[in-house]
Amino acid sequence: MSAVEEVTSEAPAVEAVPKRAMTLGYGTSLVVLGLLIIAPMFLKNFFVFQMTMLLIYALAVLALNILTGGSGQFSLGQSAFYAVGAYTSAILMEHMGVNYALTLPIAGIICFGFGFLFGQPALRLSGIYLALATFALAVAMPQLLKLGFFEHWTGGVQGLVVTKPDAPFGLPISQDRWLYYFTLVIAIGIYIASVNLLRSRSGRAFMAIRDNEIAASAMGVDVALYKTLAFGVSAGITGVAGGLGAIAVQFVAPDGYTITLAISLFLGMVVGGVGWLPGSIVGSAFIIFVPNIAEHISKGLSGAVFGVLLFLVIFLVPHGARQVAIVAQQLIGKLKK
Amino acid sequence: MTQAQLAQGSSPLLAVRDVSVVFGGIIALNGVSFDMHKGAILGLIGPNGAGKTTLFNCLSRLYQPSSGDILMEGASILTRPPHRIAEIGIGRTFQNVALFPNLSVLDNVRVGTHCRSNSDIISDSLRLGWVRRGEAELNKHVHEIVTYLGLDDVAHTIVSGLPFGTQKRVELARALAADPKILLLDEPAGGLNHEEVHVLGDLIKRIRDERHVTVLLVEHHMGLVMSIADHVVALNFGRKLAEGTPAQVQADPDVIKAYLGSKDQ
């Protein structure tokens, strides 16, 4: 949490920035949005698929950011919520013939419930102990999905194949492009809702708990309720991301949702800047593209190259993309003068 | 003073009844009783370890008394969890300032209104009409308090960078945002210089008069307590040593004895 603390205290003392501290200005938002809308029109299907995954992981990183950056609770168990969302969508589509778009809110609600319930025992833990408890959840999830008891539904070790949806109304675009724009609309909706949430009374309660639980409680904030709500919201968004992921990849299997995914998401959050929502997409880009870049540099040592690149990022910009954004803002400010 | 005396006949706003707190064999508070009357400033004094902070923590429900009762307008507060104390009109500040360091002054004060407002995560995420109207109303109230305490210049500043004295005022603003009936102040003069203490005393009196708040002042700084309190309760070793007007308590031989040698610390 010290990351957030230090970044915000570095901000110039008298300027009125904090209102936007967790988001981007309108101008920048529009430029990013424009790029996200236009870019896929000129890209090959495979890159469009990668951009879809970029948005999906950005949603999962955003969800973790609400939990950690917002309410100050750690989680290394996001892969478990992602898996539940993915399996919910896959099972509903393949076993029950539910429309893919309808499976997403259901996945979100189920994961919200799951996260809210998991938040109850987690209330007694904080800091690294909470991280360990969520770690246990992430380790247990793939094995639970392999259980013979659920095999009829989950497909056991084999997993489930999911049918990729066609563009509706006979639109003349490829399945990949359609899914990309579908994901983009959902991602924008969730991003706006998250920004609203963090700026509201509930969001202030989250941040009050993050900063000082006893003071929050003295102000009338029900600490236990808001901590579990934060877990619920985070799990719910992760579940929607998981559902979208299942549709995009066309396949769910237990080994796709191991602790590695949870750690990647955590990494994405740190690289993007803890508590800075727009950083989620930067973090997501890091965890999707940097391993590929590492592989280009050296096939045999891709893991080591990735490690070095990660180390460089942490060393040069410890507060992630947020720090880069602040520096850029200051530079632009100077140029204007 | 007159307000307090007028109210003396009626039932007290807050009544501490025979409260004892025991921590595994150590008696931190031993049968302490006193009343707080509407509109009064009550000073709670005592040397280090006298039980002032323990009593304070009972009032804000961080500690559960082993015996005795605390009544707010006739109803016990001991059945309430700590987060449901603010809503019955008990606000507090903290000894070493417990603000939300990464939030702006305005947001800190906004959190202070939490117990006076309603919302749910769905309506908040969608910014429904009633949420927007509620926020607009709340912002008016919050700005009024920020102006009242002279914090306009720093309203958008993150509090962790502010000077200590300003942070104390932010904490006061946060507590006032809930329109409390009783304001519990835990050593508000701690860390302030002579001039600042004087200003603080005037401010507390002004808040009492203009915002109709009853004040419980737990304080080491004798000068402050004696100059602004209407009524003083002195504690020592967990017991009530003396109670009365500042002049009476100051003249009490037991109080002089308890403070002797430590008065000028």
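Run down A:A241, A:A325 and say which single residue is on the phi < 0 side of the Ramachandran plot, assigned to a helix (DSSP H, G or I) and touching a helix residue (DSSP H, G or I) at 6+ places or on another chain (Cβ under 6 Å).
A:A241 is the lone residue from the list that is on the phi < 0 side of the Ramachandran plot, assigned to a helix (DSSP H, G or I) and touching a helix residue (DSSP H, G or I) at 6+ places or on another chain (Cβ under 6 Å).
Report, by residue number, each residue of region B:149-158 that is surrounded by fewer than 18 Cβ atoms within 10 Å (Cβ to Cβ) and part of a helix (DSSP H, G or I).
Hits for region B:149-158 are B:D152, B:D153.
Please verify whether B:D107 is outside the structural domain of B:V232 (by TED's automatic domain parsing), under 17 Å from A:V223 (Cα atoms) and of a type in the set (D, E), treating the condition exactly as stated.
The answer is no for B:D107.
All but one of (1) surrounded by 21 or more Cβ atoms within 10 Å (Cβ to Cβ); (2) among the aliphatic types (A, V, I, L, M); (3) within 12 Å of chain A (Cβ to nearest Cβ) hold for B:I204; which doesn't?
So B:I204 meets the others, but not (3).
Here is a list: B:E144, B:E195. Which entry is over 19 Å from B:E219 (Cα atoms), of a type outside the set (F, W, Y), assigned to a helix (DSSP H, G or I) and free of Cβ contacts under 8 Å to residues at least 40 places away in the same chain?
B:E144 is the lone residue from the list that is over 19 Å from B:E219 (Cα atoms), of a type outside the set (F, W, Y), assigned to a helix (DSSP H, G or I) and free of Cβ contacts under 8 Å to residues at least 40 places away in the same chain.
Looking only at region A:86-94, decide whether some residue is surrounded by fewer than 23 Cβ atoms within 10 Å (Cβ to Cβ) and without any contact (Cβ under 8 Å) to a residue 40 or more places away in the chain.
Checked region A:86-94: at least one residue is surrounded by fewer than 23 Cβ atoms within 10 Å (Cβ to Cβ) and without any contact (Cβ under 8 Å) to a residue 40 or more places away in the chain.
When you go through A:A216, A:A262, A:A208 one by one, which is the residue that is closer than 20 Å to A:A58 by Cβ and either outside any helix (DSSP H, G or I) or among the small types (G, A, S) (or both)?
Selected residue: A:A262, the only one of A:A216, A:A262, A:A208 that is closer than 20 Å to A:A58 by Cβ and either outside any helix (DSSP H, G or I) or among the small types (G, A, S) (or both).
Yes or no: A:L33 in a helix (DSSP H, G or I), in contact (Cβ under 8 Å) with a residue 24 or more places away in the chain and surrounded by fewer than 16 Cβ atoms within 10 Å (Cβ to Cβ)?
Judged against the criteria, A:L33 is a match.
I'd like the residue in region B:64-84 that is exposed (fewer than 15 other Cβ atoms within 10 Å of the Cβ) and small (G, A, S) and, out of all such residues, is farthest from the other protein chains (Cβ to nearest Cβ).
Per the stated criteria, the residue is B:S67.
Just to check your reading of the model, which residue among A:V327, A:V271, A:V317 is more than 20 Å from the chain's Cα centre (by Cα) and within 30 Å of A:A230 (Cα to Cα)?
A:V317
Could you tell me whether B:L217 is at pLDDT 90 or above, part of a strand (DSSP E or B), within 14 Å of chain A (Cβ to nearest Cβ) and buried (at least 22 other Cβ atoms within 10 Å of the Cβ)?
Considered against the rule, which asks whether it is at pLDDT 90 or above, part of a strand (DSSP E or B), within 14 Å of chain A (Cβ to nearest Cβ) and buried (at least 22 other Cβ atoms within 10 Å of the Cβ), B:L217 comes out as no.
So which residues in region B:120-132 are farther than 19 Å from A:G236 by Cα and facing chain A (nearest Cβ under 8 Å)?
B:V131
Give region B:85-117 a look and list any residue that's among the charged types (D, E, K, R) and more than 7 Å from every other protein chain (Cβ to nearest Cβ), or say none.
B:R116
Is there a residue being within 9 Å of chain B (Cβ to nearest Cβ), out of contact with any Phe, Trp or Tyr (no Cβ under 9 Å at 6 or more places or on another chain), over 30 Å from A:V48 (Cα atoms) and surrounded by fewer than 18 Cβ atoms within 10 Å (Cβ to Cβ) anywhere in region A:204-223?
No: zero hits.
With the checklist (1) modelled with pLDDT under 90; (2) more than 21 Å from A:V233 (Cβ to Cβ) in hand, flag the one item A:M22 doesn't pass.
Every listed condition holds for A:M22 apart from (2).
Those residues that are surrounded by 15 or more Cβ atoms within 10 Å (Cβ to Cβ) and among the charged types (D, E, K, R), I need them from region A:110-162; list them, please.
Once the filter is applied, which keeps residues that are surrounded by 15 or more Cβ atoms within 10 Å (Cβ to Cβ) and among the charged types (D, E, K, R), region A:110-162 yields only A:K146.
Among the candidates A:Q323, A:Q250, which residue alone is in contact with a Lys or Arg (Cβ under 6 Å, 6 or more places away or on another chain), farther than 14 Å from A:Y57 by Cβ and surrounded by fewer than 21 Cβ atoms within 10 Å (Cβ to Cβ)?
A:Q250
The values are calculated or read from the model by the stated rules, or taken from the named source; none is laboratory data. Predicted model only: the values in this text are computed from it and were never measured. No Cβ is skipped: glycine too gets one built from the backbone with ideal geometry, and neighbour counts run over all protein chains shown.
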